[in-house]
Structure formats: C-alpha cells, structure tokens
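Trainee: Pasting a structure below so you can have a look.
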Amino acid sequence: MSTSAEILVNGNGKAGHGHILRPRAVKPPNPAVLRTQSEEGLLVVSEDGNGNISGQTSGRSTPVPADAPPSAHHISSARKHIRAENRRRLFPTIEYASRVSHLDPMSDYRDFQGFYILFWIALTIMAITTMLRNIKDTGYPMRVEIWHLFAIKVWELAVADFLMVATTSISLPLHRLFRSSIGEKLGLRWAGGGMAIQSIYQTVWLAFWVAVPFRRDWTWTAQVFLTLHTLTLLMKMHSYAFYNGHLSETERRLRALDDPSTGESKEPAYQYPSAGQPLVSTEQEDTAKERLDVSELQEDLALELISPMGNITYPKNLTWSNYVDYLCCPTLCYELEYPRTSGIVWSQLGYKILAVFGVIFLLTITSEEFIVPVLAEAATRLEMVDSFSETALILAESISMLLFPFMVIFLLVFLVIFEYVLGAFAEITRFADRRFYSDWWNSTDWLEFSREWNIPVHHFFRRHVYSASRPHIGRPMATLITFLISAIGHEIVMACITKKIRGYGFLAQMSQLPIVMLQRTKWVKGKKVLNNVCFWCSMILGLSMMCSLYVLC
C-alpha cells in the first residue's frame, strides 16, 4: 500500500488540484469511525530555517521574549510541536483534509462515472421529449406556473436574506465582550452568562426569520430558500459562538495558572467524548480527576488554543475577515483554520455554477410536468368523495404516480446541494476538504444514511448535540435528542413548503430509531443486500407518501 507521502507525490498533477487526496475506494468496516488522513501524515507543512511556512498556508514564528509570562512560553512550545504530534484535543475537533468528492473525475470512485453520465443522458431525453410534447399540445416548450413563482417578491427576498446573514455577525462582538475585562467585571464570561445570552439570541433570531416569510406571504419557493438558509446559518452561528466560548474559558484558565495565588483548579482539562468513545465509569472519573503537574496542565490548555495545523492561535482568529471567510466556507463546524487548495480553478468554478442553474431547470421541469398535475388532479377528486375507501384509493394512486418523479427530484436535490453549490463555495474559498457526502447509496440502515449523505450536518450534530449532551444524559438519550432536533428541523421545512403543520415528517424521522433497532437484530443484521433494498424502497416510498399526505390531507 502506498504511503501518504507517495500519494501526494504521485498525484496526476492536473490544474490546481493535483495535490488533493482522493477518497479511498475501500469503505472502512465501521462507518461510524470514519477518520481523516491527517493522522497518517497527509497534511504536509514545511518550514525553512527562518520559520517561514511553505505550502497551503503562510505565517511567521515570532520569538517569545525572555521576560514573557509562562503561558506565552507554553503556547510557543506547543506551536513548535503541534505539527509533530497528534494528540486528542479537548473540544471535539473536525479533522479536515484535502479531499475530493466521490463523483469527482479525480476520485478513486470514478468507476461510477458511466452511471453518472447515463443519469444525465436520461434526464436530457426526459427534458427534450417533454418540451416537444408541450410544443405539440400548447405551442410552448414549457409550462410557466412554477417559473412565475421565482420572480414574485424576489427583491424582498434578497434584502431579507442579506439582513438575516448580517444579524448573525452579532456573535463576534458578543464574544469579544465576554472575554474582555469589561465583560469580566460585569460577570459576562462565557460560562457565567455569555452562553445563556447567546442561546437566547439564537432562539429569538430563529423564530423571527422563520416567521418572516409567513408574515410577508411569500411563495413556497422563496419560503423554502429562506428557511433552509436560516437553519444553515443558525448552525454556523452556534458552532462559532460555542467553540470560541470554549476557547475563551480555556484561555482564562491558562492565564490564571500564571499566578499560583489565584487558586485556579489543577484538575485535568475536561475532554469532550468523541462519537465512538464510551462513557467512563464513576471510578474512572474519580481516577481521572487526580491533580496534574501545573506545567503539564498548562501545556494541555495551550495546545487547545492553537489550530490543528499550527498557524493560528486564539484569540487572533477574532476578526471580521475570519468570520466572513467562515460564513462562506462550506462547513457548519467552526475551526481556527482549514486546509486550503493552492488556488481557484476557474474552469471548475464556472462548470459548477452552470450546473446549479441546469439542475434547477431540470427540477422545475420535473415538478411542473410530473408532480404538480398529479397533485392538482388528486385534490380535485378528493373534493368530490366522502368515503374513506375512495379517499384512500385516490391517495394510493397519487403516491404510486409520484414514486419515480420524487426519486428523480431527490437525486437532483442531492447533486445541486452537495456536489455543485457546496463545491462552488469550496472552490471560491479554496476549501480543500470536499468530502460533503460518502457512499450513502450503499446504506443498510438510517443511522448509516444520516452519517453519510450529509456529512457537514452530521459533523455538527455529532459535535454540538450528541457529544455535548452525552456526558450529562448518556448515549441512548443523546442519540434520541439528536434525532429529535433533526426531526423538528425537517418538520419546520415541510411546514414552510406546505404551510401546514401535520407532523408526518416528524413521525417518519423518529420512526427511524426503532427501524434501526430491528435491522440490527441477529435475524437481519449482516444481510447488506436485503437491508439496502429495504432502505431504497422506504426512501422512494417515503418521499412520495410525505408529499401526498402534506399536500392533500
């Protein structure tokens, strides 16, 4: 097997991305513990004799004055050794590396390329035949009902979206206040009131922007766009505030240890559990709380304040440029630093932007030709029947007719978000980690699907919901809370699309847990083909059924 260095050296060297690592063709046996290749030395950073850093990032090592406090010396020492060590950090750290997506032509998964091309040829045939049929029937190539929705109150949507993005920036001045001497005097440290203030602001912010489209009577297309963007920015804002809050408390404790007379606790720094790490027993916790040597504790705390690549140290990241860059990066988990490519490949950026509009065009055609007419006809028929059996028959017919269109819609939505929109933002920001999804199409249960079809959201929930709640309530309840929050988010989206609160999506999401338990029994576990067939059948049927129930009932 080639080493990591050989992988970097023997790349094909294509424009701009020759150094990017490919995803491995062999899937790890335990998808819950997918790890990046940083532990194997795939992140190569070199320095010259003057301390200048070469590679994807740049920086300079400033000598520490001899009369500097001990904490400064510890930070300098940690910075020198961080690239040579790979120690588990205190806060759950998302490990980013230079990788391409599965369907990228440079990926080791490129054997799927033939099916990928076939998929687009099939959609092209569908679009052409549909337009020819419309020309024959109406004289026009396309219907225009949905197209008109895009233009209604578009400027109002643009202004509202800009204001929504701008109002997330309050997290930066709030955090500066929490770590300042003024905040200390007012008792507004992160752990002493700052966390509560940030949480209250996020709750009010979410309620306001979810209500805006309802108050302004927007079309469902505008409402869905703003709601999805609202949920995305909520997760970004939460991650930025809570990770920097953790760093501010770490810095405060490190500074306090400079003066032994402050009586600062000498207990080991708290380590957040990872997704695959079991909870320790009470006896182990008591053993872990033995007091450490002060210098060793300071080293642990100093290491936490430095980025995994060692080029940025907290609080130097608290700048507006850093915050704007984070908002544009295709990730929901804040880190002090991300791996970057050497430059923007403009041909790839242009291709992805054109692909976004092309997929939206196909989504609109599919919806207008194969979904809207079926739902409109079913709604008319339902008004004319009274018996339960006739109502059930109409619903069953509608669901069956929508199975294939919704499968196409699902695949197109996946492509436009995770391959093209996120890929375009990754190219713009030179964000090197392009693994926004894994081979979710091979999923055998819903937990595996939730991990692999939307990796940015999975990282967020694992870090800020599961890992944050698990030490307090245990693994089963943490898993339940994670699914509960996800189900509420899906229900909000469905309510915005249909302007109805029915709870069908919420129940379907929560029912995944007992289904997973059933699939992991000894009679079903290990039968990958059977479980994958069941996954796809439930996925295709579920999408069509959810739409029919929300729209028609």
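Trainee: Report yes if some residue within segment 400-423 is farther than 24 Å from residue 120 by Cα and open to solvent by less than 20 Å² (accessible area, probe 1.4 Å); otherwise report no.
Mentor: No, the conditions are met nowhere in segment 400-423.
Trainee: So residue 450 fits all but one of (1) modelled with pLDDT of 90 or more; (2) open to solvent by 30 Å² or more (accessible area, probe 1.4 Å); (3) of a type in the set (S, T, N, Q); what number is the exception?
Mentor: Checking residue 450 against (1) modelled with pLDDT of 90 or more; (2) open to solvent by 30 Å² or more (accessible area, probe 1.4 Å); (3) of a type in the set (S, T, N, Q), the one that fails is (1).
Trainee: Name the residues in segment 297-309 that are assigned to a loop (DSSP other than H, G, I, E, B) and over 11 Å from residue 75 (Cβ atoms), would you?
Mentor: 307, 308, 309, listed by residue number.
Trainee: Please determine, by comparing only the residues of segment 150-172 that are among the charged types (D, E, K, R) and over 22 Å from the mean Cα position of the chain (by Cα), which one is nearest to residue 233 (Cα to Cα). Walk me through how you get there before you give the answer.
Mentor: At the first step, the residues of segment 150-172 found to be among the charged types (D, E, K, R) are 153, 156, 161.
Pick out the ones that are also over 22 Å from the mean Cα position of the chain (by Cα) and you get 153, 156.
Numbers: 153: 22, 156: 19 Å.
The residue in question is 156.
Trainee: State all residues of segment 402-457 that are of a type outside the set (A, V, I, L, M), in a helix (DSSP H, G or I) and closer than 18 Å to residue 99 by Cβ; if no residue qualifies, say none. Show your work before the answer.
Mentor: So in segment 402-457, the residues of a type outside the set (A, V, I, L, M) come out as 404-406, 410, 414, 418-420, 423, 425, 427, 429-431, 433-446, 448-454, 456.
Right, trim to in a helix (DSSP H, G or I) and you get 404-406, 410, 414, 418-420, 423, 425, 427, 429, 440-442, 446, 448-452, 456.
Once the filter is applied, which keeps residues that are of a type outside the set (A, V, I, L, M), in a helix (DSSP H, G or I) and closer than 18 Å to residue 99 by Cβ, segment 402-457 yields 418, 419, 420, 423, 425, 427, 429, 440, 451, 452, 456.
Trainee: Going by the conditions given, is residue 302 closer than 30 Å to residue 116 by Cα and either of a type in the set (A, V, I, L, M, F, W, C) or touching a Phe, Trp or Tyr at 6+ places or on another chain (Cβ under 6 Å) (or both)?
Mentor: On the way: closer than 30 Å to residue 116 by Cα: no; either of a type in the set (A, V, I, L, M, F, W, C) or touching a Phe, Trp or Tyr at 6+ places or on another chain (Cβ under 6 Å) (or both): yes.
Answer is no for this residue.
Trainee: So which residues in segment 453-480 are open to solvent by 40 Å² or more (accessible area, probe 1.4 Å) and among the charged types (D, E, K, R), if there are any at all?
Mentor: Within segment 453-480, 462, 475 meet the criteria.
Trainee: Here's a follow-up. In segment 481-553, which helices (runs of 4 or more DSSP H) lie fully inside it and hold 2 or more residues that are exposed (fewer than 13 other Cβ atoms within 10 Å of the Cβ) and free of Cβ contacts under 8 Å to residues at least 12 places away in the same chain?
Mentor: Values: elements: 504-510, 512-519, 528-552.
Because the criterion is at least 2 residues that are exposed (fewer than 13 other Cβ atoms within 10 Å of the Cβ) and free of Cβ contacts under 8 Å to residues at least 12 places away in the same chain, the helices (runs of 4 or more DSSP H) in segment 481-553 that meet it are 512-519, 528-552.
Trainee: I would also like to ask the following. Kindly provide the set of residues from segment 200-211 that are free of Cβ contacts under 8 Å to residues at least 40 places away in the same chain and either surrounded by 13 or more Cβ atoms within 10 Å (Cβ to Cβ) or of a type in the set (A, V, I, L, M) (or both), ordered by number.
Mentor: The initial filter retains those residues of segment 200-211 that are free of Cβ contacts under 8 Å to residues at least 40 places away in the same chain, namely 200-208, 211.
The answer is 200, 201, 202, 204, 205, 206, 207, 208, 211.
Trainee: If you scan segment 185-227, which residues turn out to be farther than 19 Å from residue 156 by Cα and among the polar types (S, T, N, Q)?
Mentor: Matches in segment 185-227: 198, 199, 202, 203.
Trainee: Starting from residues that are β-branched (Val, Ile, Thr) and within 19 Å of residue 183 (Cβ to Cβ), keep the ones in segment 193-228 and report whichever is farthest from the chain's Cα centre (by Cα). Can you show your working first?
Mentor: We begin by selecting, within segment 193-228, every residue β-branched (Val, Ile, Thr); these are 197, 200, 203-204, 210, 212, 219, 221, 224, 227.
Narrowing the set further to residues that are within 19 Å of residue 183 (Cβ to Cβ) leaves 197, 200.
On the way: 197: 24, 200: 23 Å.
Here the residue is 197.
One line per residue, one yes/no per condition, for (1) surrounded by fewer than 18 Cβ atoms within 10 Å (Cβ to Cβ); (2) touching a Gly at 6+ places or on another chain (Cβ under 8 Å); (3) free of Cβ contacts under 8 Å to residues at least 12 places away in the same chain:
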site: 300; (1), (2), (3): no, no, no
site: 311; (1), (2), (3): no, yes, no
site: 321; (1), (2), (3): yes, no, yes
site: 341; (1), (2), (3): no, yes, no
site: 354; (1), (2), (3): yes, no, yes
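The values are calculated or read from the model by the stated rules, or taken from the named source; none is laboratory data. Since the structure is predicted, the reported quantities are computational estimates derived from the model, not experimental observations. Virtual Cβ from ideal backbone geometry, glycine too; neighbours counted across all protein chains shown. Areas reflect the complete protein model, heavy atoms only, side chains present, ligands, DNA and RNA absent. Shrake-Rupley method; radii C 1.70, N 1.55, O 1.52, S 1.80 Å.
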